[in-house]
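Peer 1: One structure follows; several queries about it will come next.
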Amino acid sequence: MLNAEEKKLTQAHAALENIEVPELQLDQAIVAGISKGKRKRKKNLFFIKTFASAAILIFAFTALLRTSETFASYVTSIPGMEKIVELVRNDKGLTAAVENDFAQKIGVSDEHDGIKITLDSAIVDEQMMVLFYKLESSEAHKELSIETFRLTDSEGKNIEETAFSYDGWSIDLQDKERLLQATFEFYGDNLPENLKLSMELVEGRTEDGEPVNKFADTWVLPFSIDKDAFKDKKEMIEVNETVEIEGQKISVEKVSIYPTRIGVTVHFDKENSKRVFGFNDLRLVDKSGEEWAAINNGTTARHMGEFTKEFFLQSNFFKKPEELYLRFNTLRALDKDEGEIIVDPEKMEVLKAPDDGRLLKIDREENLLMLTFQRESKEGHTNISFEQAVDSNGDEIGDGSASFRWSTNELPVDILIPYFGEGAAPGPITLKLNDYPATIIGEANIKLK
């Protein structure tokens, strides 16, 4: 029997279940892009419908309520329970962390200009920290957004994260119990116990995304984390097994299991005829058939070397299955001589591209170079991203960022790259591919324990 809150969520899910949802996969903590090893944040070039995310979240949250009394008990203690669908991800690892009392309560606030920010709680281990916070206002503020979001130690020194993301580009203060989420990623136990979260807010934005009004005050939230709570909470499995798929050798070196996520370190043989970009279906499976697959929204992989990557999966740390297998069947790979796209932005001509015909055209949109690719279906974008873009002199172009734009009603997807007005040399530009949806197929089933 569903309770009243479950009924509300079930009804909402039923109303949204036929919405076509673009599936977003992020690699290297960038939105589809050219990575220079820098973390750039382009806030106003991403055109995903918000109702798509809501459909995913409502479905996941309804399922969690039905299957987890502990999780349901936790969220019902938060005022405005139905609003938590805005931050819950369909992530088994984070869900299990909450179920096993791994979330640390914080509850610190700061208030200026009639706006109160509260840092509610955190999930943290040696690799990642997820913060949950909310904004409230006693005044008639509208169209608020977070302009700067900074994590430091207690002395104000920046924390060296490898990547981070946060909610807060558009905040509805009428929704007083809405929780927002920020995720910081680290490698190594270098996070101090005493921290400080600082935010600057703006109100209203122009069509170009510039703030109309910036508040003079900074909201500062000092807090502490209990490092003993996650000390030694990890499991390392040495694998060192090699499989071959369509002549390409893939070596799984190790699997690192943390409460927030799992890392699978993989080496691709440098003698392979293809450049292997990633997996379509990498997963862990226990003897009952339960699977832990890729993270739905967040960093899905990181580069550890020219031929080595670490791929991230949802965590089964608290499940601790007796038998565990690593499986995959399809990988994204492209012949090495097709690893770059060359275009002439003056003549709007494609000089070189993979011969599968996915690149339909190039065009200009204001100061952006737009490449239009064909995607397989309306359900998701095509896995295409660029490692770097260089002009005819070999100099990198733009600020190292790019963005996707697509519609749920059309098959093409546009990738927009800062180019015009960025001082690039005239002549052709070269885009080195970081990911591409050409697929190789096989079967791998590696027993971990």
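The values are calculated or read from the model by the stated rules, or taken from the named source; none is laboratory data. Because the structure is a prediction, the values reported are computed rather than measured. Glycine gets a Cβ as well: all are built from the backbone with ideal geometry, and neighbour counts include every protein chain shown. Surface areas here come from the heavy atoms of the whole protein model, side chains and all, with no ligands, DNA or RNA. Shrake-Rupley method; radii C 1.70, N 1.55, O 1.52, S 1.80 Å.
Peer 1: What pairs come up if the first residue lies in the stretch 426-446 and is under 19 Å from His303 (Cβ atoms), the second is surrounded by fewer than 19 Cβ atoms within 10 Å (Cβ to Cβ) and small (Gly, Ala, Ser), and their beta carbons are under 6 Å apart, counting only those six or more places apart or on different chains?
Peer 2: Sorted first by the residue in the stretch 426-446, then by its partner, the pairs are Leu433/Gly339.
Peer 1: Here's something else I'd like to know. Among what's in the stretch 81-122 and is among the polar types (S, T, N, Q) and within 23 Å of Ser145 (Cα to Cα), pick the residue that is modelled with the highest pLDDT.
Peer 2: Checking each candidate, the answer is Ser109.
Peer 1: Which residue, of Asp189, Asp153, Asp172, is under 24 Å from Ile262 (Cα atoms) and of a type in the set (Asp, Glu)?
Peer 2: Asp189
Peer 1: Any residue at all in the stretch 402-409 that's at pLDDT below 85, closer than 20 Å to Arg332 by Cα and aromatic (Phe, Trp, Tyr)?
Peer 2: Yes, some residue in the stretch 402-409 is at pLDDT below 85, closer than 20 Å to Arg332 by Cα and aromatic (Phe, Trp, Tyr).
Peer 1: Kindly provide the set of residues from the stretch 349-370 that are in contact with an Asp or Glu (Cβ under 7 Å, 6 or more places away or on another chain) and among the aliphatic types (A, V, I, L, M), ordered by number.
Peer 2: Leu351, Met370
Peer 1: Just need a number here: residues in the stretch 231-281 that are in contact with a helix residue (DSSP H, G or I) (Cβ under 7 Å, 6 or more places away or on another chain) and more than 30 Å from Ser109 (Cα to Cα).
Peer 2: Adding up the residues that qualify gives 3.
Peer 1: For residues that are in contact with a Gly (Cβ under 7 Å, 6 or more places away or on another chain) and at pLDDT 95 or above, scanning just the stretch 212-252, find the one that is least open to solvent (accessible area, probe 1.4 Å).
Peer 2: Ile245
Peer 1: Continuing with this model, one more query. So which residues in the stretch 276-304 are assigned to a loop (DSSP other than H, G, I, E, B) and closer than 15 Å to Ser315 by Cα, if there are any at all?
Peer 2: Leu282, Glu290, Ala293, Ile295, Asn296, Asn297, Gly298, Thr300 - these are the residues of the stretch 276-304 that are assigned to a loop (DSSP other than H, G, I, E, B) and closer than 15 Å to Ser315 by Cα.
Peer 1: Say we look at the stretch 266-291 and pick out the residues that are closer than 28 Å to Glu387 by Cα and polar (S, T, N, Q); which of these is surrounded by the fewest Cβ atoms within 10 Å (Cβ to Cβ)?
Peer 2: By that ranking, first place goes to Ser273.
Peer 1: If you don't mind, another one. Taking the stated definitions as given, is Asn272 part of a loop (DSSP other than H, G, I, E, B) and either closer than 20 Å to Asn445 by Cβ or at pLDDT 95 or above (or both)?
Peer 2: Spelling it out, Asn272 is indeed part of a loop (DSSP other than H, G, I, E, B) and either closer than 20 Å to Asn445 by Cβ or at pLDDT 95 or above (or both).
Peer 1: On to the next question. Could you run through the stretch 149-172 and say how many residues are over 15 Å from Asp189 (Cα atoms) and open to solvent by 60 Å² or more (accessible area, probe 1.4 Å)?
Peer 2: The total comes to 8.
Peer 1: Taking the conditions exactly as written (closer than 30 Å to Lys105 by Cα, free of Cβ contacts under 8 Å to residues at least 12 places away in the same chain and not in a loop (DSSP other than H, G, I, E, B)), does Asp228 satisfy them or not?
Peer 2: yes
Peer 1: Glu306 fails exactly one of the following numbered conditions: (1) at pLDDT 95 or above; (2) under 30 Å from Phe386 (Cβ atoms). What is the number of that condition?
Peer 2: Looking at each condition in turn, Glu306 falls short on (1).
Peer 1: Right, another one. State which residue is surrounded by the most Cβ atoms within 10 Å (Cβ to Cβ) when the search covers only the stretch 325-365 and only residues that are part of a strand (DSSP E or B), basic (Lys, Arg) and in contact with a Phe, Trp or Tyr (Cβ under 9 Å, 6 or more places away or on another chain).
Peer 2: So the residue we want is Arg332.
Peer 1: Related question: For Lys309, are the conditions met, namely being under 21 Å from Phe268 (Cβ atoms), of a type in the set (Lys, Arg) and surrounded by 15 or more Cβ atoms within 10 Å (Cβ to Cβ)?
Peer 2: It is true that Lys309 is under 21 Å from Phe268 (Cβ atoms), of a type in the set (Lys, Arg) and surrounded by 15 or more Cβ atoms within 10 Å (Cβ to Cβ).
Peer 1: Run Arg375 past the list (1) charged (D, E, K, R); (2) open to solvent by less than 20 Å² (accessible area, probe 1.4 Å); (3) in contact with a Gly (Cβ under 8 Å, 6 or more places away or on another chain) and report the number of the one that doesn't hold.
Peer 2: (3)
Peer 1: With Leu197, Leu221, Leu173, Leu201 as the choices, which residue is touching a residue at least 12 places away in the same chain (Cβ under 8 Å) and within 22 Å of the chain's Cα centre (by Cα)?
Peer 2: Leu197
Peer 1: If you go through the stretch 139-163 one residue at a time, how many are at pLDDT below 85 and within 17 Å of Ile225 (Cβ to Cβ)?
Peer 2: Number of matching residues: 2.
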